[in-house]
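So the structure is just underneath, and the comments pick up after that.
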Amino acid sequence: MDNDGLAAQPAPRPVPQPAQGAGVTPIAEAAGEPKGRGGGKPPKKRVNVWLFAAIVAGVLVIAGGASLIITQKLYQAPKKAGVTTSEAAEGPLKAYAKGSIAHLVTYASPRPIENIPFVDRDRKPLHLSDFKGQVVVLNVWATWCAPCRYEMPTLANLQRHYADRGVKVLPLSVDEDSKFEDVKSFIDVQEPLEVYADTTFSSPSKLGVSGMPATLIVDKQGRAVARLDGEASWDTPEVKALIDKLLAE
């Protein structure tokens, strides 16, 4: 014991210090640290990587969808407008493609048209050639086609305007046979139009019709001179000017 009556305390042991040099592995990179599937990245970073991938995938899907919609609209627009990639108003009738029939396709020269068969309201067999000698406005429609029903009164007005003047507005239904009575009921309130039906649905392919309504203008010689795919108002001055031109030929 010293003079204060306390036992002598041992000197503190020095804390070993790591040797400096290339052989020492830093603690942060200890060999015992577990490695994950993400190349040693901790779980939090691994989640962020997947979240980032999901966001990128979502953006790509949205962008792809938008691109598809735009492409579809660009492709469908000519069909709705009555103009294909290879057709437009041309020839002697192109000046009449304006106003309500601005999307009318006119031909440089008249084209032959299929002599399609159909029936009237009494199921009497008819052919398109039965109307040769008249200007025919052949409208392909169906009861389930809303634009077809909407434009039908304007076709009735056109026929009324040209009553007994060598113009035949021919609304050709392509409904199935079970809808024949519905066709008659609808047309009966569209005077003076008459009932005509192709219950075999063979005329659209023969006429090159891919959608409805579709209207073909046929001259007095039975040749197609123009067509319009889609809805239109058929009782306007521009339509009547076109019909008058064909009647005068």
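The values are calculated or read from the model by the stated rules, or taken from the named source; none is laboratory data. These numbers were taken from a predicted model, which means no experiment stands behind them. Every residue, glycine among them, receives a Cβ derived from its backbone with ideal geometry; neighbour counts consider all protein chains shown.
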**Prompt:** In segment 183-194, what count of residues is obtained for those that are touching a strand residue (DSSP E or B) at 6+ places or on another chain (Cβ under 9 Å) and surrounded by fewer than 20 Cβ atoms within 10 Å (Cβ to Cβ)?
**Reply:** 4
**Message:** Condition first: touching a helix residue (DSSP H, G or I) at 6+ places or on another chain (Cβ under 7 Å) and either within 21 Å of residue 134 (Cβ to Cβ) or assigned to a helix (DSSP H, G or I) (or both). Now tell me which residues in segment 171-185 satisfy that.
**Reply:** 171, 172, 173
**Asked** Does residue 196 satisfy being closer than 19 Å to residue 218 by Cβ, modelled with pLDDT of 95 or more and among the aromatic types (Phe, Trp, Tyr)?
**Response** yes
**Request:** Out of the residues in segment 145-163 that are among the hydroxyl-bearing types (Ser, Thr, Tyr) and within 28 Å of residue 176 (Cβ to Cβ), state the one that is surrounded by the most Cβ atoms within 10 Å (Cβ to Cβ).
**Result:** 154
**Prompt:** Is there any pair linking a residue in segment 115-129 that is more than 24 Å from residue 221 (Cβ to Cβ) to one that is not in a loop (DSSP other than H, G, I, E, B), with Cβ under 7 Å and at least six apart or on different chains, and which?
**Reply:** 119/125; 119/126; 119/197; 121/184
**Asked** Restricting segment 195-228 to residues that are within 13 Å of residue 138 (Cβ to Cβ) and of a type in the set (D, E, K, R), which is surrounded by the most Cβ atoms within 10 Å (Cβ to Cβ)?
**Response** 227
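Taking the condition hydroxyl-bearing (Ser, Thr, Tyr) and touching a Gly at 6+ places or on another chain (Cβ under 9 Å), does residue 233 pass?
yes
Residue by residue, here is whether (1) more than 20 Å from residue 119 (Cβ to Cβ); (2) within 26 Å of the chain's Cα centre (by Cα) holds:
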| residue | (1), (2) |
| --- | --- |
| 143 | no, yes |
| 167 | yes, no |
| 217 | yes, yes |
| 227 | yes, yes |
| 235 | yes, no |
| 239 | yes, no |
| 242 | yes, no |
| 247 | yes, no |
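Could you list all residues from segment 92-109 that are assigned to a strand (DSSP E or B) and surrounded by fewer than 18 Cβ atoms within 10 Å (Cβ to Cβ)?
108, 109
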**Complete:** Of the residues in segment 148-205, those that are in contact with a Leu (Cβ under 8 Å, 6 or more places away or on another chain) and on the phi > 0 side of the Ramachandran plot number 1
**Message:** With touching an Asp or Glu at 6+ places or on another chain (Cβ under 9 Å) and farther than 17 Å from residue 110 by Cα as the only criterion, which of 182, 188, 229, 219 stands out?
**Reply:** 182
**Message:** Being crowded, with 20+ Cβ neighbours inside 10 Å, assigned to a helix (DSSP H, G or I) and over 26 Å from the mean Cα position of the chain (by Cα) is the requirement here; does residue 118 meet it?
**Reply:** no
**Request:** Give 154, 143 a once-over and let me know the one that is at pLDDT 95 or above and touching a helix residue (DSSP H, G or I) at 6+ places or on another chain (Cβ under 8 Å).
**Result:** 143
**Residue check, residue 155 closer than 23 Å to residue 89 by Cβ and touching a strand residue (DSSP E or B) at 6+ places or on another chain (Cβ under 6 Å)** = yes
**Message:** Exactly one of these conditions fails for residue 89: (1) in contact (Cβ under 8 Å) with a residue 40 or more places away in the chain; (2) not in a helix (DSSP H, G or I). Give me its number.
**Reply:** (1)
**Prompt:** Residue check: is residue 225 part of a loop (DSSP other than H, G, I, E, B) and assigned by TED's automatic domain parsing to the domain that holds residue 95?
**Reply:** no
